[in-house]
Amino acid sequence: MDRLTQIELFVQTVELGSITRAAEKLVMSDAAASRSLSALEERLGARLLERTTRRLWLTEAGREYHARCLQLLAGIAEADAKVSEHSLNP
């Protein structure tokens, strides 16, 4: 799974409060989503989410990473909009 998809999955998991709901929204299996989040944490060398069978919550590193990811995704959306604007108005 590419980095952007991992970031989107992480943000959706935080926003929806559930790996299962995030997986559903991004059309992936629970197992694939869980593996992807674990791979993201391994790549970063930091635990982002603490999880139990009943709930999940952000670690301090997770809170920081989430804030940065929101900025990144907003920047990507803005870049997409600018490019679309140019293609619609030659």
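The values are calculated or read from the model by the stated rules, or taken from the named source; none is laboratory data. Model, not experiment: these values are computed from the prediction. No Cβ is skipped: glycine too gets one built from the backbone with ideal geometry, and neighbour counts run over all protein chains shown. Side chains are part of the model used for accessible areas, which takes the heavy atoms of the whole protein and leaves out ligands, DNA and RNA. Shrake-Rupley method; radii C 1.70, N 1.55, O 1.52, S 1.80 Å.
Go through (1) outside any helix (DSSP H, G or I); (2) open to solvent by less than 70 Å² (accessible area, probe 1.4 Å); (3) out of contact with any strand residue (DSSP E or B) (no Cβ under 7 Å at 6 or more places or on another chain) one by one and return the number of the condition GLU50 breaks.
Status for GLU50: all satisfied but (3).
In segment 13-32, what residues are closer than 22 Å to GLN71 by Cα, open to solvent by less than 40 Å² (accessible area, probe 1.4 Å) and in a helix (DSSP H, G or I)?
Passing the criteria: THR13, VAL14, ILE19, ALA22, ALA23.
Any chance segment 70-90 includes a residue that's aliphatic (A, V, I, L, M), surrounded by 10 or more Cβ atoms within 10 Å (Cβ to Cβ) and either touching a Ser or Thr at 6+ places or on another chain (Cβ under 9 Å) or not in a helix (DSSP H, G or I) (or both)?
no
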